[in-house]
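> Have a look at this one.
The values are calculated or read from the model by the stated rules, or taken from the named source; none is laboratory data. Note that the coordinates shown come from a computational prediction; the quantities given were computed from them, not determined experimentally. We place every Cβ from the backbone using ideal geometry, glycine too, and count neighbours over all the protein chains shown. For the accessible areas, the whole protein counts, side chains as well, though only heavy atoms, and no ligand, DNA or RNA atoms are used. Shrake-Rupley method; radii C 1.70, N 1.55, O 1.52, S 1.80 Å.
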Amino acid sequence: MGSKKEKVIGILAVQGDFAMHAAMLDRIGVPWKLVKHVEDFEGIDALILPGGETTTMLKFLTERKLADAIKAFANDNKPVFGTCAGAILMAKEVLNPEQERLGLMDISVERNAYGRQIDSSVQQGECPEVSDEPIEMVFIRAPIIRRVGKEVKVLGRSQGLPVLVEQGKLLAATFHPELTGDETIHRYFLEKTKDC
Amino acid sequence: MWEYDQQMKLKIGLAEMLKGGVIMDVTNAEQAKIAEDAGACSVMALERVPADIRKEGGVARMASIRVIKEIMKAVTIPVMAKARIGHFAEAQVLENVGVDYIDESEVLTPADEEHHIHKWPYKAPFVCGARNLGEALRRIGEGAAMIRTKGEAGSGNIVEAVRHMRAITSEMRLLTTLREEELMAKAKELGAPFDLVKWVSQNGKLPVPNFSAGGIATPADASLVMQLGAEAVFVGSGIFKSSDPAKRAKAIVRATTHYNEPAIVAECSEELGEAMRGLDVAKMDPKEMLQTRGW
């Protein structure tokens, strides 16, 4: 509390585009650390769950107790930010097909809901509480948030669908802010580390 | 300077999502399911694995569309499929079917001995093989969104994958030391587009992800190419030509994530059963090499 110590952001690095998140944090000038083991949680103040393949990530999460460590971290009211696959991992319910998840956030997420890679797209979305300008959103074989719980706030929409949602210290995006040059969403997440 | 459009951003974006993972060759839906359950981040649909293509000979073509569709139905991870070099009609068919990545591959019998596919107009992204920086940059110039070093497919021998990864990374390092006026002569020597040569000289890496393929058969092989600079690995015959495919697939997935932790690679290597029987590439007739296909 109130310490001036620089906050360190952990990035789950079992598979996926964790290096793009690291590059984004480098541009902003925030220290980060890759998380592959339970011991890597030592000394991190927030966690990013990157894009990638959830079926692959889940192998590592469930077999090596990483899932329990992430849940404990979130239960400790530490900020967690998931993009695309990361958002799927955070959901309470996963559809198409049902699969294991961390269940951190009260949302239902449908995997590959826009279709296959040829249905991937770049959109301009609105996040009125985060930015006055439209935000470039890269959707890659993206999921769709089909239900949001009472505790969940929709911060951003694209094509009428919720794409950026928040529940306390938890933030989930179905798109990939780490694949653009726009730091807005990451900066918004980093604000959550200020008072913890 | 090299620039690209939004479509290319999506193509490269999917390759970014596959990083740190293993893409496995499969010939039917059942193998695809085994691969997904073992933690593969993607599967590559083909008619026969390279070791069988090598053994059986004949013309190797794009896989059966029925089988590709069955594979796409069986798994939720991205599905890739191979088209013959220069065979843009096969590529059009694969795109139409909804394949997530098209591999314009030297493993299949080339359809054109001078030209590769013009890859820019497609919505589906392409991956292409390369043995050196010039070849990699020519493919990127044609619109490839991912490069994989070729290695020698179906050999179970890592030596060519190592040679190609080292060639590309050391040529890139060299480029970063050149003066501006030396770049055009270098572009001429490499047979590569000048804009891309300039991009690499300033960034020290390829503008698209760089994966490794061709000969990876063990967890330590995966660790080796990852330490040499690969950002993900393709495993072809190495899994389904081994004695216990599911176990080996899982071990290679884990070794790829923890490639720089020898204790874990050791754990992955234990009690794996027999690896595929490999070939001595040095004793191979150059005419039998798959890697020399591509121009």
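> Regarding chain A, what's the average projected area of the Cα-atom convex hull, expressed in nm²?
Taking a quarter of the hull surface, the average projection is 10.2 nm².
> In addition: Once both axes come from the Cα atoms, what is the angle between helix B:159-175 and the longest principal axis of chain B, in degrees from 0 to 90, rounded to 10?
The angle comes out at about 30 degrees.
> If you count only protein heavy atoms and use a 1.4 Å probe, how large is the accessible surface of B:His87, to the nearest 10 Å²?
50
> In chain B, carbon and sulfur make up what percent of the accessible area (probe 1.4 Å)?
Looking at chain B in its full context, I get 50 percent from C and S.
> Can you tell me the Rg and Dmax of region B:51-121, counting just the alpha carbons, in angstroms?
12.5, 37
> Express the relative contact order of region B:27-88 as a whole percentage, based on alpha carbon pairs under 8 Å and six or more residues apart in sequence.
Relative contact order for region B:27-88 comes out at 45 percent.
> Calculate the translational D of the protein assembly as shown in whole µm² s⁻¹ from Stokes-Einstein, where the hydrodynamic radius comes from the Kirkwood formula applied to all Cα pairs, the temperature is 25 °C and the viscosity 0.890 mPa s.
Using the Kirkwood radius from Cα pairs, D works out to 107 µm²/s.
> Using protein chains only (no ligands, no nucleic acids) and a 1.4 Å probe, work out which residues of region B:1-28 have their accessible area cut by at least 30 Å² relative to the chain alone.
At a threshold of 30 Å² (probe 1.4 Å), the residues of region B:1-28 that become less exposed are B:Gln6, B:Lys9, B:Leu10, B:Leu14, B:Glu16, B:Met17, B:Lys19.
> Any idea of the accessible area per residue across region B:120-219, 1.4 Å probe, to the nearest Å²?
Per residue, region B:120-219 has 35 Å² of solvent-accessible surface.
> When DSSP beta bridges are limited to those with both residues in the protein assembly as shown, what percentage is antiparallel, rounded to the nearest 5?
30
> Mind telling me which of B:Lys283, B:Lys205, B:Lys188 comes out most flexible in a GNM of chain B, alpha-carbon contacts under 10 Å?
B:Lys283
> Sketch the reach of a paramagnetic label on A:Glu93 as a point 7 Å from Cα along Cα-to-Cβ, and name the residues of region A:142-169 whose backbone nitrogen lies under 19 Å away.
A:143-154, A:161-167
> Now, a different point. Take every Cα-Cα distance within region B:209-277, group them into 10 Å bins from 0 onward, and report for each bin the whole-number percent of pairs it holds.
24, 57, 18, 0
> Give me the log10 of I(q) over I(0) for region B:237-295 at q = 0.18 Å⁻¹, as the Debye formula computes it from C-alpha points; what are the numbers?
-0.75
> Give the separation of the Cα centroids, region B:51-111 to region A:106-164, in Å.
For region B:51-111 versus region A:106-164, the Cα centre distance is 32 Å.
> From the P(r) of region A:23-132, can you give the percent of Cα pairs sitting at distances over 25 Å?
28
> Where a Cα-Cα gap under 30 Å defines reach, which lysines qualify for B:Lys247, not counting those fewer than 8 residues away within the same chain?
Straight-distance partners of B:Lys247: A:Lys36, A:Lys59, A:Lys65, A:Lys71, B:Lys19, B:Lys33, B:Lys55, B:Lys69, B:Lys73, B:Lys82, B:Lys150.
> Taking the Cα atoms only, what angle lies between the long axis of helix B:194-203 and the longest principal axis of chain B, rounded to 10 degrees?
70
> Follow-up. Buried accessible area between A and B (1.4 Å probe, both chains summed, ligands and nucleic acids excluded), in Å² to the nearest 100?
Buried area between the two chains comes out at roughly 2900 Å².
> Can you figure out the FRET efficiency of A:Asn75 with A:Lys5, using R₀ = 22 Å and their beta-carbon distance, to the nearest 0.05?
Between A:Asn75 and A:Lys5 the formula returns 0.45.
> Take the alpha carbon atoms of region B:1-115, find their radius of gyration, then divide it by 2.2 N^0.38 Å using N residues; give the quotient.
It is 1.09.
> Still on this structure, please answer the following. Calculate the FRET efficiency for B:Thr109 and B:Tyr4 from the Cβ-Cβ distance with a Förster distance of 25 Å, rounded to the nearest 0.05.
Computed FRET efficiency for B:Thr109 and B:Tyr4 comes out at 0.20.
> Of all DSSP beta bridges located in region A:9-191, what percent are antiparallel, nearest 5?
50
> In 5 Å bins starting at 0, how do the alpha-carbon pair distances of chain B split up by percent?
Going from the shortest bin to the longest, the percentages are 1, 6, 13, 17, 20, 18, 13, 7, 4, 1, 0, 0.
> While we're looking at this one, here's another question. Each residue of region A:32-45 in order: what ³J(HN,Hα) in whole Hz does its phi give by Karplus 6.51 cos²θ - 1.76 cosθ + 1.60, θ = phi - 60°, with x for Gly and Pro?
Once θ is set to phi - 60°, the couplings for region A:32-45 become 9, 8, 6, 10, 10, 10, 4, 5, 5, 5, 4, x, 9, 10 Hz.
> Name the residues of region A:39-69 whose accessible area falls by at least 40 Å² when all protein chains are present instead of the chain alone, probe 1.4 Å?
By number: A:Glu53, A:Thr55, A:Thr56, A:Lys59, A:Phe60, A:Arg64.
> So which aspartates and glutamates pass the test for B:Lys198, namely a Cα distance under 20 Å, with those fewer than 8 places away in the same chain ruled out?
Within reach: B:Glu3, B:Asp5, B:Glu135, B:Glu142, B:Glu171, B:Glu180, B:Glu181, B:Glu182, B:Glu189.
> How do B:Met146, B:Met62 rank by accessible surface area computed with a 1.4 Å probe, from largest to smallest?
B:Met62, B:Met146
> How well do other chains shield peptide A:8-17, expressed as the mean number of their Cβ atoms within 10 Å of each residue Cβ?
4
> Please report, as a whole percent, how much of the solvent-accessible surface of chain A comes from carbon and sulfur atoms (probe radius 1.4 Å).
47
> Report the gain in length on full extension from A:Leu34 to A:Asp132: 0.36 nm times residue separation, minus Cα-Cα distance, nm rounded to one decimal.
32.1 nm
> Sort B:Arg61, B:Arg173 from largest to smallest accessible area, using a 1.4 Å probe on the heavy atoms of the protein chains.
Most to least solvent-accessible, the answer reads B:Arg173, B:Arg61.
> Oh, and also: Karplus couplings for region B:71-80 from phi (6.51 cos²θ - 1.76 cosθ + 1.60, θ = phi - 60°), rounded to Hz, Gly and Pro as x?
Those phi angles translate into 5, 4, 6, 6, 10, 9, 7, x, 10, 9 Hz.
> Let me ask something additional. In deg cm²/dmol, rounded to 500, what helix-only [θ] at 222 nm does chain A give when every DSSP H run of at least 4 residues adds -39500 (n - 2.57) and the total is split over its residues?
One gets -6500 deg cm²/dmol as the mean residue ellipticity at 222 nm.
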